[in-house]
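See structure below.
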Amino acid sequence: MTAFHTIAVPHDDILQGRLTLDVFAADLWEVYHRRGPEEYRDPDLFFQKTYLTDGLKNLFAVVEKRLKGQGGDPVIQMQTPFGGGKTHALIALYHKAREWGVKTAVIVGTPLAARETLWGLLAEQLTDSRARFEGFSAPGRESLRALLSAHQPLLILMDEVLEYAVKAAAEQVGGSTLAAQTLAFLQELTEAASILERVSLVITLPSSTLEQYDEQATRLFEQLKKISGRVEKVYTPVRDEEVGAILRRRLFSRVDEKAAAKIVNAFMDEAEQEALLPRGEESAAYRARFKATYPFLPEVVDVLYHRWGSFPNFQRTRGTLRLLGMVVHALKNSSRPYITLADFPLQEDEIRRELLKHIGNEYDSVLAADLLSAEAGARKANQEIGKAYQGLGLGERIASTIFMHSFVGGGGEAGATAAEVKRHNLMAGVPASVIAEVLNKLSSRLLFYLHEEGGRYYFSTTANLNRALTIRMENVTAEELRAAELDSLRKRVSGKVMRTFLWPEQSADIPDDPQPKLLILPAADPARMKHFVEEKGQTPRVHRNTLFFLTPHSERAPFENLLRRHLALSALLAVKTLSLTPEQRKELQDKEKQAARDLQEQIGSLYRLLYLPDPQGMALFDLGIPTYGGEQYLEERVYERLRTEGRLLEKLAPLVIKQRYLSNRDYVETRQLAESGSRTPGEPLVTGRHVWETCIAEGVRQGLFGLGELDENGQPQCRYFKEEVTPSLRSGEVLIRAEVCARQKTPESYTAPVVAPGTVSEPVGISTAVPTTSPVTGGVAVAPAAPGRNRLRIRFNLPFGKASSLFGLFNLLQTRFGKLHITIEAEGGSMSETEIEDKVRETFRQIGTDVEIE
């Protein structure tokens with residue numbers, strides 16, 4: 001598309017950058033004294049750069065009619081907000097009066113001294129003398145009438161009268177003040193003007209008291225309005241819809257309307273296709289507005305004139321002209337077809353300073369951090385989108401758009417909606433979805449001071465918690481992560497059901513005894529595990545079957561991200577220099593607590609790979625994802641799985657010992673028997689010596705075998721049989737076949753014991769056979785199923801708090817049967833749809849299985 005500056009050609013002073021405030025500062029007093037910028041002094045140049053609004057045309061007509069004695073309003077009061085074009089209108093009337101050949105008196109309150117009198121100044125301008133108007137007391141209506149009547153047709157222009165009145169209030173005049181005398185004079189002046197047929201008085205007042213200094217000024221303002229209330233007529237020289245045309249006329253020498261319409265129509269086509277036009281405004285109306293404000297998008301004028309213009313020290317017309325003049329000058333060589341707020345070059349120091357003087361220099365650091373510095377988040381956003389869009393500077397453009405929308409001087413709703421952001425950044429070949437993507441990156445994690453509230457995005461000097469959190473997360477070191485992970489592990493380990501060692505470094509630190517031990521390692525390292533199993537320091541390990549290893553799953557990224565988040569939240573709460581509102585601090589505290597809870601949930605999902613010693617090396621079991629909300633310690637989960645797999649036994653059946661160890665021999669040493677499980681990888685391991693002691697004592701009592709010792713010839717001597725006994729499991733103590741004990745104890749009456757059906761099997765979940773295991777790389781070593789039932793149906797009511805007790809049973813059933821179907825019926829309570837979605841369905845999604853919920 002054609003560049004805007006070839007369609008709307010800027011005035012020479014704009015192109016050359018002669019943009020001091022004086023260029024845009026309309027000053028009636030300077031014009032009256034033939035001073036100031038030429039564009040105000042020269043009538044031809046003045047009207048060449050002035051857009052004649054309907055209000056201004058009407059003002060000319062009314063005043064001219066009055067001066068010709070054809071009626072019209074004698075007193076005209078103009079009220080506009082600060083910088084709303086009042087002075088410009090007076091200058092236009094001054095030049096018109098000279099064109100009409102009418103005598104003009106000019107009174108401007110700003111340059112007048114406090115002891116100057118308005119009536120003295122008026123008389124001097126009309127008669128070159130202050131005779132009869134020298135004193136500090138108001139002259140009276142008849143004297144004024146005579147003075148004015150002698151100089152008809154007469155136009156009196158009065159500007160900044162309120163400012164003069166404030167100064168005059170400090171001057172005493174007898175028992176009165178000069179301000180009070182001035183108010184009396186103005187009342188007399190308005191009455192005299194209304195009587196005379198060819199005298200026109202035009203006086204300006206602000207539309208509100210926002211610009212005034214104190215309560216006294218407010219009272220004076222109200223009195224000034226009241227004085228002329230009976231005879232005055234209020235005119236507003238500029239309507240809102242004319243502002244764009246005024247700005248365009250002042251900034252550009254000519255506009256190719258046909259070429260401009262082509263640009264506007266192309267924009268409208270794309271904006272309509274993306275549904276980006278303002279809500280509630282017809283397409284035709286917006287098109288007309290854009291043509292009137294071209295090369296500026298209509299919202300550029302709206303934001304500057306109304307939002308920034310509401311700052312007390314931002315003169316609406318003058319301030320907007322100066323700022324837009326600087327922007328046009330900065331963009332005079334760009335290829336942009338039109339100008340939006342996204343094009344505002346905030347990196348230009350002069351433009352930035354012009355804005356900061358209204359909102360505060362503290363925003364300088366905001367702009368540096370988020371938009372202007374080499375490490376600014378707005379620049380980082382450009383690198384995170386498709387290569388086709390990386391050179392467009394979308395990050396900076398979107399941030400600039402939001403920054404310009406972020407401020408309203410007189411209250412009101414600040415910030416830009418997503419639609420406004422997209423409209424200002426609409427470019428050919430760039431879908432609105434790309435702009436939305438960049439906006440999301442900026443608001444969610446890249447911009448430190450960007451906030452979003454109620455669908456509006458805005459900048460503030462208060463840090464954005466999301467961005468602060470992101471920065472802290474990025475700065476977490478590997479050492480901090482490691483320490484935090486270890487700390488999280490400590491909170492999920494109790495050591496009550498099994499001795500547990502966290503991230504052990506040396507094999508010498510692990511005891512070599514028959515007790516089961518869980519070693520939690522930071523990573524799966526087969527060589528290191530083998531070293532721990534086979535050695536204790538520099539000596540071979542005896543009890544090799546007592547070491548079990550728990551390692552994290554390979555998918556560490558989600559857990560580490562959560563760990564970083566928790567560390568960052570804790571760090572932010574500890575930073576005293578971070579400016580936080582009470583609401584923000586409460587939000588941080590809530591997030592930190594939730595992150596801590598999530599960590600305890602996720603540590604079980606991460607540390608779930610269980611390695612067990614096996615005759616062929618190591619057998620691998622995946623414990624799976626723990627149940628949502630479960631509070632089991634890590635070693636408790638391992639303990640249950642070991643029981644399910646028959647690798648850890650809480651109870652031994654005496655009949656199994658008889659059948660396995662005494663079926664083809666007369667005796668077996670109890671110490672060797674007790675240590676066989678702990679020495680041989682892959683063998684079942686009892687939870688402690690008491691398991692053997694209890695089993696042996698029970699077997700002796702039942703007469704399944706006897707307990708004794710070897711004599712000096714190495715022959716078993718039965719000491720206890722069918723009686724209570726406490727085995728010692730010491731060297732030399734032996735279990736003896738029942739037949740041998742019977743012959744030694746009562747040879748004449750021995751009969752083999754009969755065991756009733758059902759009394760020799762173990763409790764559910766306790767395996768009496770050694771499972772056949774082999775090294776696997778991604779699954780569970782499954783023991784072959786013994787002959788028996790090929791289908792089970794189990795119904796039960798689940799006692800509260802006992803759900804975790806079933807996990808081992810479920811694993812056992814899954815290893816024995818090809819398919820395991822589970823139906824859960826829950827009643828007697830309630831659960832919200834949100835909980836069902838976020839907790840129930842999410843759990844099944846994480847384990848990768850479908851679920852039907854009715």
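The values are calculated or read from the model by the stated rules, or taken from the named source; none is laboratory data. A quick note: this is a predicted structure, and the numbers were derived from the prediction, not measured. Heads up, the Cβs are rebuilt from the backbone with ideal geometry, glycines too, and the neighbour counts pull from every protein chain shown.
Residues in the stretch 620-639: is at least one under 21 Å from the mean Cα position of the chain (by Cα), outside the structural domain of GLN702 (by TED's automatic domain parsing), part of a loop (DSSP other than H, G, I, E, B) and of a type in the set (Val, Ile, Thr)?
Checked the stretch 620-639: no residue is under 21 Å from the mean Cα position of the chain (by Cα), outside the structural domain of GLN702 (by TED's automatic domain parsing), part of a loop (DSSP other than H, G, I, E, B) and of a type in the set (Val, Ile, Thr).
Residues in the stretch 556-565: is at least one farther than 30 Å from MET529 by Cα and either modelled with pLDDT of 90 or more or over 28 Å from the mean Cα position of the chain (by Cα) (or both)?
In the first step, residues of the stretch 556-565 are kept if they are farther than 30 Å from MET529 by Cα; the result is 565.
Still in the list and also either modelled with pLDDT of 90 or more or over 28 Å from the mean Cα position of the chain (by Cα) (or both): 565.
Taking every residue of the stretch 556-565 in turn, at least one turns out to be farther than 30 Å from MET529 by Cα and either modelled with pLDDT of 90 or more or over 28 Å from the mean Cα position of the chain (by Cα) (or both).
ALA463 fails exactly one of the following numbered conditions: (1) touching a helix residue (DSSP H, G or I) at 6+ places or on another chain (Cβ under 8 Å); (2) within 30 Å of VAL421 (Cα to Cα). What is the number of that condition?
(1)
Before we move on, is TYR607 modelled with pLDDT of 90 or more, within 43 Å of the chain's Cα centre (by Cα) and surrounded by fewer than 21 Cβ atoms within 10 Å (Cβ to Cβ)? First the steps, then the outcome.
On the way: modelled with pLDDT of 90 or more: yes; within 43 Å of the chain's Cα centre (by Cα): yes; surrounded by fewer than 21 Cβ atoms within 10 Å (Cβ to Cβ): no.
In short, no.
Test GLY714 against the criterion of being modelled with pLDDT under 95, within 60 Å of the chain's Cα centre (by Cα) and assigned to a loop (DSSP other than H, G, I, E, B), and give yes or no.
Values: modelled with pLDDT under 95: yes; within 60 Å of the chain's Cα centre (by Cα): no; assigned to a loop (DSSP other than H, G, I, E, B): yes.
No: the conditions fail for GLY714.
Do we have any residue at all in the stretch 266-277 that's surrounded by fewer than 19 Cβ atoms within 10 Å (Cβ to Cβ) and in contact with a strand residue (DSSP E or B) (Cβ under 7 Å, 6 or more places away or on another chain)?
No, because not a single residue in the stretch 266-277 is surrounded by fewer than 19 Cβ atoms within 10 Å (Cβ to Cβ) and in contact with a strand residue (DSSP E or B) (Cβ under 7 Å, 6 or more places away or on another chain).
Residues are listed down the side, and each one gets a yes or a no for (1) more than 19 Å from PHE810 (Cβ to Cβ); (2) touching a Gly at 6+ places or on another chain (Cβ under 8 Å):
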| position | (1), (2) |
| --- | --- |
| SER605 | no, no |
| PRO615 | yes, yes |
| LEU642 | no, no |
| GLY646 | no, no |
| LYS651 | yes, no |
| PRO654 | yes, yes |
| GLN659 | yes, no |
| ARG665 | yes, no |
| THR670 | yes, no |
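Inspect all residues belonging to the stretch 578-600 and state whether any of them is part of a strand (DSSP E or B), in contact with a His (Cβ under 7 Å, 6 or more places away or on another chain), under 30 Å from ARG528 (Cβ atoms) and touching a residue at least 60 places away in the same chain (Cβ under 8 Å).
no
So which pairs qualify, if the first residue must be in the stretch 254-282 and closer than 18 Å to ILE7 by Cα and assigned by TED's automatic domain parsing to the domain that holds ARG423, the second must be aliphatic (A, V, I, L, M) and surrounded by 14 or more Cβ atoms within 10 Å (Cβ to Cβ), the Cβ gap must be under 6 Å, and the two must be at least 6 apart or on different chains?
Pairs found: ARG254/VAL9; VAL255/ALA8; ASP256/ILE7; ALA259/ILE7; ALA260/ILE7.
Answer yes or no as to whether GLY325 is out of contact with any Asp or Glu (no Cβ under 6 Å at 6 or more places or on another chain) and in a helix (DSSP H, G or I).
Considered against the rule, which asks whether it is out of contact with any Asp or Glu (no Cβ under 6 Å at 6 or more places or on another chain) and in a helix (DSSP H, G or I), GLY325 comes out as yes.
Residues are listed down the side, and each one gets a yes or a no for (1) under 22 Å from PRO298 (Cβ atoms); (2) in contact with a Leu (Cβ under 6 Å, 6 or more places away or on another chain); (3) surrounded by 19 or more Cβ atoms within 10 Å (Cβ to Cβ):
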| residue | (1), (2), (3) |
| --- | --- |
| SER373 | no, no, no |
| ALA378 | no, yes, yes |
| GLN383 | no, no, no |
| LEU392 | no, no, no |
| SER400 | yes, yes, yes |
| PHE407 | yes, no, yes |
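If you go through the stretch 65-73 one residue at a time, do you hit one that is aliphatic (A, V, I, L, M), over 28 Å from ARG316 (Cβ atoms) and assigned to a loop (DSSP other than H, G, I, E, B)?
no
Let's see how each residue does on (1) in contact (Cβ under 8 Å) with a residue 40 or more places away in the chain; (2) of a type outside the set (D, E, K, R); (3) more than 19 Å from ARG115 (Cα to Cα):
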residue: ALA179; (1), (2), (3): yes, yes, no
residue: THR182; (1), (2), (3): yes, yes, no
residue: GLU188; (1), (2), (3): yes, no, yes
residue: ILE195; (1), (2), (3): yes, yes, yes
residue: VAL199; (1), (2), (3): yes, yes, yes
residue: VAL202; (1), (2), (3): yes, yes, yes
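Quick check: is even one residue across the stretch 299-316 part of a loop (DSSP other than H, G, I, E, B), among the polar types (S, T, N, Q), modelled with pLDDT under 95 and under 28 Å from the mean Cα position of the chain (by Cα)? If you could, list the steps in order and put the result at the bottom.
If we filter the stretch 299-316 for residues that are part of a loop (DSSP other than H, G, I, E, B), which is where we start, we get 311-315.
Among the residues that remain, those that are also among the polar types (S, T, N, Q) are: 313, 315.
Filter once more, keeping what is modelled with pLDDT under 95: 313, 315.
Still in the running and under 28 Å from the mean Cα position of the chain (by Cα): none.
For the stretch 299-316, residues part of a loop (DSSP other than H, G, I, E, B), among the polar types (S, T, N, Q), modelled with pLDDT under 95 and under 28 Å from the mean Cα position of the chain (by Cα): absent.
Of the residues that sit in the stretch 124-149 and are free of Cβ contacts under 8 Å to residues at least 12 places away in the same chain and closer than 14 Å to THR104 by Cα, which one is surrounded by the fewest Cβ atoms within 10 Å (Cβ to Cβ)?
Among those residues, the one meeting the criterion is ASP128.
Does ALA653 satisfy the criteria of being among the small types (Gly, Ala, Ser), out of contact with any helix residue (DSSP H, G or I) (no Cβ under 8 Å at 6 or more places or on another chain) and surrounded by 17 or more Cβ atoms within 10 Å (Cβ to Cβ)?
The answer is no for ALA653.
For LEU297, all conditions in the list (1) aliphatic (A, V, I, L, M); (2) crowded, with 21+ Cβ neighbours inside 10 Å; (3) more than 28 Å from LEU394 (Cβ to Cβ) hold save one; what is the number of the exception?
The failed condition is (3).
If the requirement is being among the polar types (S, T, N, Q), modelled with pLDDT under 75 and in contact with a helix residue (DSSP H, G or I) (Cβ under 9 Å, 6 or more places away or on another chain), which of these qualifies: GLN846, GLN814?
Values: GLN814 fails: in contact with a helix residue (DSSP H, G or I) (Cβ under 9 Å, 6 or more places away or on another chain).
When all the criteria are applied, what remains is GLN846.
Being within 60 Å of the chain's Cα centre (by Cα) and assigned to a strand (DSSP E or B) is the filter; apply it to the stretch 664-708 and report the residue that is surrounded by the most Cβ atoms within 10 Å (Cβ to Cβ).
LEU685
When the residues of the stretch 512-535 are filtered to those that are of a type in the set (A, V, I, L, M) and touching a strand residue (DSSP E or B) at 6+ places or on another chain (Cβ under 9 Å), which remaining residue is farthest from GLY604 (Cα to Cα)? Explain how you work it out, then say what you get.
As a first pass, look at the stretch 512-535 and keep what is of a type in the set (A, V, I, L, M): 518-521, 523-524, 527, 529, 533.
Right, trim to touching a strand residue (DSSP E or B) at 6+ places or on another chain (Cβ under 9 Å) and you get 518-521, 523-524, 529, 533.
Numbers: LEU518: 15, LEU519: 15, ILE520: 12, LEU521: 14, ALA523: 14, ALA524: 16, MET529: 21, VAL533: 24 Å.
Here the residue is VAL533.
Which condition breaks for ARG719 when tested against (1) surrounded by fewer than 17 Cβ atoms within 10 Å (Cβ to Cβ); (2) free of Cβ contacts under 8 Å to residues at least 24 places away in the same chain; (3) not small (Gly, Ala, Ser)?
The one condition ARG719 does not meet is (1).
For the stretch 5-21: of the residues being exposed (fewer than 14 other Cβ atoms within 10 Å of the Cβ) and in a helix (DSSP H, G or I), which is modelled with the lowest pLDDT?
LEU21
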